[in-house]
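Just so it is clear, none of the values below were taken in a lab; they were calculated from the coordinates. As the structure is a computational prediction, the values presented were derived from the model and not from experiment. Cβ: placed from backbone, ideal geometry, glycine included. Neighbour counts: every protein chain shown.
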C-alpha cells in the first residue's frame with residue numbers, strides 16, 4: 001500500500017511540474033503596432049529584410065531618413081484583388097511609420113520561377129525631398145525585382161494593415 005501511495009505521489013509531482021511548464025510559455029511575441037500607434041521605430045530589422053535587399057540606394061535613403069526622424073510625407077499601398085480594392089494613401093506620420101515598421105520585417109528569400117497573375121500589390125514611400133522608394137509584388141508571396149521574382153516571408157503584417165485601411169475606405173462608400 002505504501003508503494004502505491006508513493007507512486008501516486010510521484011505521478012502527481014510529475015503532472016504538477018508538467019502543468020507548471022505549460023503555463024509559462026515565456027514572453028509573448030510582440031504584437032504589430034496599432035494603427036496610429038506613434039512615430040517610434042520598433043524592433044530590429046532582420047538581415048534579410050526587404051530594406052537591405054540588393055543594397056538598394058532608395059531603401060538605404062528611406063532607412064536613413066527614418067533613423068533621422070524625417071518621416072516620408074506619404075505612403076501609397078495597394079493590396080489588389082483583381083482590381084477590386086482601392087489604393088491607400090497614408091499621410092499621417094504615425095500610419096506612415098507603422099507601414100515602415102511592418103514592411104521592415106518582411107524578409108526576402110531566393111529567386112523563384114513562380115508567378116501570379118491578376119494579383120498585384122505595391123507599396124511606396126514619398127520621401128520629404130520628393131524621392132519615391134517602393135516595391136512591387138505578385139500576390140503577397142513574390143517580390144518583383146526587374147525580370148526576376150523572389151520569395152517573400154513575414155509579409156502578412158503590412159498587407160493586413162493595408163487591407164484594413166482599404167476596408168475602412170470601402171465602409172464609407
**Report entry** Modelled label reach - residue 160, point 7 Å along Cα→Cβ, the range 82-96 residues with backbone N closer than 18 Å
**Finding:** 95-96
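For a distance above 18 Å, tell me the whole-number percent of Cα pairs in the range 42-119 that qualify.
Numbers: 1567 of 3003 pairs.
Tail fraction, whole percent: 52.
Say R0 is 22 Å: what FRET efficiency, to the nearest 0.05, do residue 128 and residue 57 get from their beta-carbon distance?
Working: r = 17 Å, r/R0 = 0.75.
Efficiency at R0 = 22 Å is approximately 0.85.
Looking only at Cα atoms, what is the convex hull volume of the range 50-171 per residue, in Å³? Numbers along the way, then the final one.
Working: hull volume 11.6 nm³, N = 122.
Normalising the Cα hull of the range 50-171 by residue number yields 95 Å³.
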Query raised in the report: How long is the gain from residue 73 to residue 48 if the chain were fully straight, where each residue apart is worth 0.36 nm and the alpha carbon distance is subtracted?
Result: 6.4 nm
